[in-house]
Amino acid sequence: MMTNDGVRLDYQIFGTGQPIILVEGYSGNQATWVMQVEPLVNAGLQVITYDRRNHGKSDTVDYGMRMARHGQDLAELMAQLRLEKPILMGHSMGASTIWAYLSLYGDANVRAIITEDQLPKILRDDSWPYGIFNADLTMIWTAATKLPHTKLTRLKLSETVKHALADNYQPFDFQYNEPLLLDSLMQDWRDVLRREQVKHLFIAGQDSPLWPSAHVETVVAMSKNGQGVTIDKAGHIPHIEAPDQFNDAVLNFVRTIM
């Protein structure tokens, strides 16, 4: 598809039924969802994956490196595919992309939300106890520099996942895309979270290297219709580290909204 500012976004559609859009994290691509597509399709869902601008097979450009634009890209994807009330599932910055969409368009055309190991506010302050690497605003450059060099997983990946990631490797320029990361670090989506009217599943990795998994209890309490799951011993990417546990949590949640 082509966005209204001329960026080609690569997407794939699998199966039929209730649509669910899977939104990758920072520096990721569609291949990271390799262990989710088949189980979700077998459960009667239409799975849509896509690469956000400057990610995967989508165009890399020197503009639109802000979460608001990524939220609009998601809206344009939904509009061009004529999707009615999709479930939105995002990992890490993919979750922030969903909150960016909600801040612009609300959740009237959303069935439910699933976010994976992401905070609505990434830097701590006097009103928020959690921060990436425990960072506050004064440490933003330290956090931004540290992230690309941090091992995000804690559990051993299966050979299937390793091969899928290797076969679909797409280079990602962290330095070039630093403006996007900095924009993401500065956002505060707590007001968006509090205003959500649809059900929301928050998934945390118990041993995430970015922030304490206890944050899931805080965000569930902030949400009108929230529930949380913590994946044992997983790091920041439970959907590739412990896919069976992750998929069970997602499908159990989906059954409550169908």
Which listed pairs, of 146/233; 151/199; 85/224, have C-alpha distances above 24 Å, in listed order: 151/199
Viscosity 0.692 mPa s, 37 °C: Kirkwood-radius Stokes-Einstein D of region 196-258 over Cα pairs, µm²/s: 274 µm²/s
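Give me the 1.4 Å probe accessible area per residue for the chain, excluding ligands and nucleic acids, in Å².
With all protein chains present, the chain gives 43 Å² per residue.
With all protein chains present, how much of the accessible area of region 1-49 (probe radius 1.4 Å) comes from carbon and sulfur, to the nearest whole percent?
Working: 900 of 1810 Å².
Using a 1.4 Å probe with all protein chains present, region 1-49 comes out at 50 percent carbon and sulfur.
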Hull-based mean projected area of region 132-229, where the convex hull spans the alpha carbons, in square nanometres: 8.0 nm²
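Provide Rg over Rh for region 1-117; use the alpha carbon set for both Rg and the Kirkwood Rh (inverse mean inverse pair distance). Could you put the intermediate results ahead of the total?
Numbers: Rg = 12.9 Å, Rh = 13.9 Å.
Here Rg/Rh amounts to 0.93.
Just the number, please: carbon plus sulfur as a percent of the accessible area of region 176-238, 1.4 Å probe, no ligands or DNA/RNA counted.
On the way: 1230 of 2600 Å².
In region 176-238, the share of accessible area belonging to carbon and sulfur is 47 percent.
Just tell me, in residue order, which DSSP H segments of the chain are both 15 angstrom or longer along the helix axis (alpha-carbon based) and at least -0.5 in mean Kyte-Doolittle hydropathy. Write down the numbers at each step before the final one.
Working: long enough: 67-80 (20 Å, -0.38); 93-105 (18 Å, 0.88); 243-255 (18 Å, -0.31).
Helices passing the filter in the chain: 67-80, 93-105, 243-255.
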Shape parameters for region 7-49, alpha-carbon atoms, Rg then Dmax in Å: 10.5, 33
Paired Rg and Dmax values of region 60-177, which use every Cα atom, in angstrom: 16.6, 45
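State the Kirkwood hydrodynamic radius of the chain in Å, one decimal place, computed from all pairs of distinct Cα atoms. It would help to have the intermediate numbers written out before the result.
Details: mean 1/r = 0.0552 Å⁻¹.
Kirkwood hydrodynamic radius for the chain: 18.1 Å.
The values are calculated or read from the model by the stated rules, or taken from the named source; none is laboratory data. No experiment lies behind these values; they were computed from the predicted model shown. With ligands, DNA and RNA removed, areas are computed over all heavy atoms of the protein, side chains included. Shrake-Rupley method; radii C 1.70, N 1.55, O 1.52, S 1.80 Å.
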